[in-house]
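Q: Questions regarding the structure given below will be posed in turn.
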Amino acid sequence: MADPNRVNPEEDVTQEDVLGEQGIADPDAEWLDIVSRSPASRLAQPIGFSPSQASTVSESSFVSPGGIGDGGDVVDGEAGHANTSGLPVKSDLSLLQMAFAMGRLDSSDEEFDAAAELLLQTLAAQIPSAEIGLYLYVNDGELPMPRHVHQREGHRYRRPPESLVRQVRAPGASALLARNVLGDRTLATENTRGEIDVESIVLVPLHVPTPPNNHAADGMQEGTVAGRTASQFPEQTAEQMQAGRMDTANGFVHVITTARDPSLSERDLAVIVTACEIFCEACRSLSQRQELQLTLHQSRETIRRLRSQLAGRVKLLGRSDKIQQVQYQIAQVARSGASVLLRGESGTGKELVASAIHYASPRADSPMVCLNCAALSKDLLESELFGHEKGAFTGATDQKKGKFEAASGGTLMLDEIGEMNLDLQAKLLRVLEGHPFERVGGHEAIRVDVRVVAATHRDLQAMVRAGTFRQDLFYRLNVIEIVVPPLRERGRDITLLAEHFVSTFVQTMGRGPMKLTQGAMKKLLAYPWPGNVRELRNVIERAVVMAPLELRGTHEITADEIMLTRAVVNETAVDEAENPQRASAQPASGRRMEVSPSMSLAKLEREHIQNVLKSTGGNKSQTASILGIERSTLDRKLKRYAAEDAKTRS
């Protein structure tokens, strides 16, 4: 029959094995009744109340005939029910109640102390004759004051000796139960009368994320501790943190009984170990929830900041009558779900108007997706709009969702809608009328809820008459039409926008303060701005970039620093801006390119493109920038012109 005073019948365990040679003050000290070791790793694992888990802890903790360690059932003396967990039924219920109570705690810093109080209350109810202390370490220094203490009326709790604490906090340390320790200074400390009247002790290491606290480590008062988060323990890896394990315990629970009270039993050790497991798991859950709440708060702040920045970007600046009319129309149409057609010259800010409509609408929290129809060929545009299945065409290695699916619930802006070919216009019309669509190469019918805002610089009505744009699609898009005015018609808005761009670029580039002089403003007002707001923005950006680096005080941007684009027919517009007196003396025919009333819009566009291309010396990238179109759009137009010329010659 196994000796009940032996930790493991297969291994002789001495007092030195548990406490170490330095822990024994008197070699002739009376041998402890039980010294029990429980692997500290057990305390780091989530506790469940299944028999298999409970018996595992029990068997590794102690061996007792007919008790927890022999693998047999334990029969509760009062109820007479079999309990394979190794604990009486009342203990199980009490621990379960504690687990539920800790699970209801939120993630605030104060809830850690609430969980600790629940732990001590549960242990005090299970072991009425015990005094209990809970310790948490801020660093690896000396023993701190207990964070929480439970002591009965007329009794005082005694701290454990530091030599014993070092043993239980050592890497891989175990829970410890010792009995019959009266007078042993290596296992207990004196009372107020200088006596060591502790009869039995339990020490259980804790591996918990220490709660944050504002107290300094060297100024601790009883019941408080300067804490830190789990990430501040260098010994803890990410995997260990996930599993709740650290090599060195950062706290412990200390339970004692005195000479006049019953000694702590194996059943008490099982209760304390199980309760500590539940407490450690609850603390980890509280810490994780606190980190998640912090991350959520930071994400919300980021979203709020980005929305604030976005609101500034989509804000239409201007006090002119025409831009105020646009702002009024935006407010009118935003709340509806009607399709909107934006018309205006290139660079006037049609995409900005579309963004303002979206973010003022009920769809503001859903995505807004923009697609330039002029930047893609027919096949690629269809794939971008409606998506494609894997293998639908050469290079389609994966399934891809189209812009309609990406914008579902939100707004889809189709810029340069006039560049879309007739076949694709028919498919677009069906989707706008509420019909489902299929991805390229697919057979699944897909329905989406999307508001479409179309934009163009072309005269779609003229295109309808010419047969290059579907009449039914035009009427479907043109539910509400907003005309965005060119910059030259906005008067003093030019200087307002210029000052805004100066402030924006100074801030983003980290430059010193700058402002425009009166001469610079007059030059900006005299220029007709064929590239509209886009051109103005580029001119101001160039002025800020080229300003002297070493400046003291506010730098004034003069008229000479405003470099206007000379890619204008006959350079007349630039001459007018720089020399208004000379321009006024010239005849009107010298300042404007005369256009025959019979000239078509397509022919006028072609001549203008060829003039700009000639003025840039054949630089296509610069030409596309001046015209406010994509380089691919310019290439496509030039190829079409070349094909038309070849056909004419043939």
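Q: So, R179, is that one open to solvent by 10 Å² or more (accessible area, probe 1.4 Å) and at pLDDT 85 or above or not?
A: It is true that R179 is open to solvent by 10 Å² or more (accessible area, probe 1.4 Å) and at pLDDT 85 or above.
Q: How many of the residues making up the stretch 247-267 are among the charged types (D, E, K, R) and either within 27 Å of E142 (Cα to Cα) or in a loop (DSSP other than H, G, I, E, B) (or both)?
A: Total satisfying the criteria: 3.
Q: Anything in the stretch 166-177 that is under 25 Å from S265 (Cβ atoms) and either within 42 Å of the chain's Cα centre (by Cα) or hydroxyl-bearing (S, T, Y) (or both)? List them, or say none.
A: Once the filter is applied, which keeps residues that are under 25 Å from S265 (Cβ atoms) and either within 42 Å of the chain's Cα centre (by Cα) or hydroxyl-bearing (S, T, Y) (or both), the stretch 166-177 yields V168, R169, A173, S174, A175.
Q: Determine, yes or no, whether P205 is under 40 Å from the mean Cα position of the chain (by Cα) and modelled with pLDDT under 85.
A: It is false that P205 is under 40 Å from the mean Cα position of the chain (by Cα) and modelled with pLDDT under 85.
Q: Could you check, for the stretch 460-470, whether at least one of its residues is among the charged types (D, E, K, R) and either surrounded by 15 or more Cβ atoms within 10 Å (Cβ to Cβ) or at pLDDT 95 or above (or both)?
A: Yes, that holds for at least one residue.
Q: Across the stretch 598-628, what is the number of residues that are among the basic types (K, R) and in contact (Cβ under 8 Å) with a residue 24 or more places away in the chain?
A: Result for the stretch 598-628: 1.
Q: Is it the case that some residue within the stretch 412-423 is open to solvent by 70 Å² or more (accessible area, probe 1.4 Å) and of a type in the set (S, T, N, Q)?
A: Within the stretch 412-423, none of the residues are open to solvent by 70 Å² or more (accessible area, probe 1.4 Å) and of a type in the set (S, T, N, Q).
Q: Would you pick out the residues in the stretch 356-382 that are open to solvent by 20 Å² or more (accessible area, probe 1.4 Å) and either assigned to a helix (DSSP H, G or I) or on the phi > 0 side of the Ramachandran plot (or both)?
A: Once the filter is applied, which keeps residues that are open to solvent by 20 Å² or more (accessible area, probe 1.4 Å) and either assigned to a helix (DSSP H, G or I) or on the phi > 0 side of the Ramachandran plot (or both), the stretch 356-382 yields Y359, A375, K378, D379, L380, E382.
Q: Is the stretch 579-598 home to any residue that is within 50 Å of the chain's Cα centre (by Cα), modelled with pLDDT under 85 and of a type in the set (S, T, N, Q)?
A: No; the residues of the stretch 579-598 include none that is within 50 Å of the chain's Cα centre (by Cα), modelled with pLDDT under 85 and of a type in the set (S, T, N, Q).
Q: I'd like the full set of residues that are under 19 Å from K315 (Cα atoms) and either of a type in the set (S, T, Y) or at pLDDT below 90 (or both), limited to the stretch 357-391.
A: Those that are under 19 Å from K315 (Cα atoms) and either of a type in the set (S, T, Y) or at pLDDT below 90 (or both): Y359, A360, S361, A364, D365, S366.
Q: Shifting gears a bit: So for the stretch 456-464 (the condition being within 21 Å of H358 (Cβ to Cβ) and assigned by TED's automatic domain parsing to the domain that holds A331), does at least one residue qualify?
A: Yes, because at least one residue in the stretch 456-464 is within 21 Å of H358 (Cβ to Cβ) and assigned by TED's automatic domain parsing to the domain that holds A331.
Q: Which one of the conditions (1) assigned to a loop (DSSP other than H, G, I, E, B); (2) surrounded by fewer than 19 Cβ atoms within 10 Å (Cβ to Cβ); (3) not hydroxyl-bearing (S, T, Y) does R166 fail to meet, given that it meets all the rest?
A: The failed condition is (1).
Q: What helices (runs of 4 or more DSSP H) lie completely within the stretch 403-502 and have 1 or more residues being among the polar types (S, T, N, Q)?
A: 422-432, 460-466, 471-477
Q: Give the residues of the stretch 519-548 that are open to solvent by less than 40 Å² (accessible area, probe 1.4 Å), in contact (Cβ under 8 Å) with a residue 40 or more places away in the chain and not in a helix (DSSP H, G or I), sorted by residue number.
A: Within the stretch 519-548, Y527, P528, W529, G531 qualify.
Residue-by-condition table, conditions (1) touching a Leu at 6+ places or on another chain (Cβ under 9 Å); (2) β-branched (V, I, T):
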position: G402; (1), (2): yes, no
position: A406; (1), (2): yes, no
position: Q425; (1), (2): yes, no
position: L429; (1), (2): yes, no
position: H443; (1), (2): no, no
position: R447; (1), (2): no, no
position: V453; (1), (2): yes, yes
position: D459; (1), (2): yes, no
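Q: Let me ask another. State whether the residues of the stretch 215-233 include one that is assigned by TED's automatic domain parsing to the domain that holds V271, modelled with pLDDT of 85 or more and under 29 Å from T258 (Cα atoms).
A: No, the stretch 215-233 contains no residue that is assigned by TED's automatic domain parsing to the domain that holds V271, modelled with pLDDT of 85 or more and under 29 Å from T258 (Cα atoms).
Q: For the stretch 480-495, how many residues meet the condition of being more than 17 Å from Q329 (Cβ to Cβ) and open to solvent by 40 Å² or more (accessible area, probe 1.4 Å)?
A: Qualifying residue count for the region: 2.
Q: Would you say R319 is open to solvent by 80 Å² or more (accessible area, probe 1.4 Å), of a type outside the set (G, A, S) and not in a helix (DSSP H, G or I)?
A: yes
Q: Just the residues that are touching a Ser or Thr at 6+ places or on another chain (Cβ under 8 Å) and either open to solvent by 20 Å² or more (accessible area, probe 1.4 Å) or closer than 19 Å to F100 by Cβ (or both), please, taken from the stretch 244-256.
A: R245
Q: A further question follows. Run A259 past the list (1) of a type in the set (G, A, S); (2) farther than 30 Å from S200 by Cβ; (3) open to solvent by 40 Å² or more (accessible area, probe 1.4 Å) and report the number of the one that doesn't hold.
A: Condition (2) is where A259 drops out.
Q: What about A338, is it over 17 Å from D493 (Cβ atoms), touching a strand residue (DSSP E or B) at 6+ places or on another chain (Cβ under 9 Å) and in a loop (DSSP other than H, G, I, E, B)?
A: yes
The values are calculated or read from the model by the stated rules, or taken from the named source; none is laboratory data. In this text the structure is predicted, and so the values were computed from the model without any measurement. Neighbour counts run over all protein chains shown; Cβ positions are idealised from the backbone, glycine included. Accessible surface is based on the protein model in full, side chains and every heavy atom, while ligands, DNA and RNA are left aside. Shrake-Rupley method; radii C 1.70, N 1.55, O 1.52, S 1.80 Å.
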